[in-house]
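Quick notes on the structure that follows.
Coordinate-derived values only; no laboratory data. All of these numbers come straight from a predicted model, not from anything done at the bench. Cβ placement follows ideal geometry from the backbone for every residue including glycine, while neighbour counts extend to all protein chains displayed.
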Amino acid sequence: MTETATTTEKLNKFEKFKAEKDGLAVKDEISEFVKIGWEAMDENDLNHRLKWLGVFFRPVTPGKFMMRMRIPNGILTSSQMYVLAEVIQRYGDDGSADITTRQNIQLRGINFSDIPDIFNKFNTVGLTAIQSGMDNIRNITGDPVAGLDANELYDTRELVQQIQDMLTNKGEGNPEFTNLPRKFNIAVTGGKDNSVHAEINDLAFVPAFKEGFGFNVLVGGFFSGKRCEAAIPLNAWVKPEEVVSLCKAIVEIFRDHGLRLNRQKARLMWLIDEWGLEKFRSEVEKRWGKTFTPAAPKDEIDWEKRDHIGIYPQKQPGLNYAGLNIPVGRLSADDMFQLARLAEVYGSGEIRFTVEQNAIIPNIPDSALNTFLTEPLLNKFGVNPGLLMRAVVSCTGAQFCNFALIETKNRAVAMSKALERELILSKPVRIHWTGCPNSCGQPQVADIGLMGTKVRKNGQTVEGVDIYMGGKVGKDAKLGTCVQKSVPCEDVQPILKEILIQNFGAKVREEALISH
Ligand code: SRM
Ligand code: SF4
């Protein structure tokens, strides 16, 4: 028997609560919830349905909520950034924000009773957090230098916005896509360096020429605790104007036929496995109402991936973008006010994010660059950071995430600094930390990936990592694999040092040798 949405018996607990009451229903109930207080709320409303509004109850910090935004293509205006900064500013030390591995932002420390007011503020500047968690489509990623890069093949900004508008009903919430079997990730890349990790999305569009410019379509990429797969070619080439309708058709197929009985098998790739790629392709064609043009024989991803840290000339003569290194994406309210101010004073009031959890300020005139470089914020978020710090990525980890097996962000920063003190590196090495096998910090795309686990040491259970290597990004992207299991965190630094020396050409600093 196939495992389809039409099988109503034996529903897992997630399917049951979705069938009992739609996730989006909480949109009309939020004022009522605020009246009764979060402590009195139904368990499923609190722990799950609120995520349809982008509001996350944090069992690690009860009463201090997290909000996950939607930032299509990772682009914000300074007025939007000011609003986000004001939201967290009122929570003092509890208020912080994180740039995420999907070019997005999450706000922390939020008081439940403030949520309706926060939504009103979002409305005034065109921000939305709708359907950003649970069984919904995640933030749609696009090229972080879209419209700036002289070598880009396609400016992804408008297309990404159109996909979001279609899927979320312009940020209001879309009842059509409110009950998917699981999460769903979409990425569009228009540059030559695959700056969005197309290969790890359920649906990705990569630039390719056939009847003019268009995209080859990849499907089924995902990470989960149980299984990780790179996306596979659908053998389809589409024109830019066909992308939105194809997204709709594929998400509908996933919604109507995706496997739902076993939550561990509910991502798109499991449906493709069950049907076979040919059947999947022809079902999509039927739903889309068109026949696919077969994929272009070659795509245009032929560069190594850029990290965008530094100052780079734009395609617009006389203008530059500045890529600022935000270690592990962590921002305070002050940092956000400063970023918004710099964007206004030196740029065009725009701030962008990358999937490496860094920020870009575009449109800085040549004449303003020298003064820009003297800004105090650049001492914290540099344009020329150390070669480990500039590439370190980390998921949320134990500080706020109840799935975490280890603390990640602080450790990632401390270890990058310590290794930079010990070693001389000649190129950036991408080290990704993730607190558990869910892989939000994408250790499989890293040069060196560290996945949190629990290990035994001297008869005690302690925090540890499994070490991944071999992740390749950009052209010919390839997922890394586990090379060493169960290393206690306190023993990781010397192992990383050795890996950096053996595999990445690092040299021991003489001062470090002397001080030993
Ligand atoms: Fe993730 C669940 C954080 C990107 C795979 N992820 C979670 C939750 C919501 C768990 C929870 O409720 O505590 C984490 C919230 C912790 C918190 O307080 O911040 C969480 N995921 C994140 C973020 C914030 C990591 C980061 O520090 O950047 C990223 C938010 C992206 C966004 O803006 O939407 C984030 N998560 C990812 C990615 C990377 C990506 O998309 O490129 C993945 C792997 C790719 C994928 O999904 O295929 C990822 N997160 C997961 C999974 C495993 C999904 C699965 O199919 O099993 C879970 C667990 C789940 O959904 O049940 C999860
Ligand atoms: Fe939490 Fe695990 Fe995701 Fe890290 S990888 S944010 S610990 S769910």
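The table that follows gives values for the structure above.
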read-out: Approximate spin-label separation LYS472-GLU43, in nm, with each point projected 7 Å along Cα-to-Cβ; value: 4.8
read-out: Unit charges on C-beta of K, R, D, E only; dipole of segment 392-512, Debye; value: 220
read-out: Cysteines having no other Cys beta carbon under 4.7 Å from their own, within the chain; value: CYS228, CYS247, CYS401, CYS436, CYS482, CYS489
read-out: Residues SER195, SER79, SER416 arranged by fewest to most Cβ contacts within 10 Å; value: SER79, SER416, SER195
read-out: Cβ charges +1 (Lys, Arg) and -1 (Asp, Glu), total dipole of the chain, debye; value: 960
read-out: Mean separation of Cα contacts under 8 Å, 6 or more apart, over the residue count of the chain: relative contact order %; value: 13
read-out: Unit charges at the beta carbon, dipole of the chain: most positive-side option, GLN103, ILE200, GLN444; value: GLN444
read-out: Helix-only mean residue ellipticity at 222 nm for the chain, each DSSP H run of n ≥ 4 adding -39500 (n - 2.57), per residue, nearest 500; value: -8000 deg cm²/dmol
read-out: Cα-only radius of gyration and Dmax that characterise the chain, units Å; value: 22.5, 70
read-out: Residue order, fewest to most surrounding Cβ atoms within 10 angstrom, among THR141, THR128; value: THR128, THR141
read-out: Segment 239-363 - charge dipole about Cα centre, Lys and Arg +1 at Cβ, Asp and Glu -1, debye rounded to 20; value: 420
read-out: Residue order, fewest to most beta carbons within 10 Å, for ARG421, ARG157; value: ARG421, ARG157
read-out: Alpha-carbon Debye profile of segment 361-446, log10 I(q)/I(0) at 0.19, 0.21, 0.24 Å⁻¹; value: -0.91, -0.98, -1.09
read-out: Protection proxy ranking, peptides 346-357, 26-37, average beta carbon neighbours within 10 Å, highest first; value: 346-357, 26-37
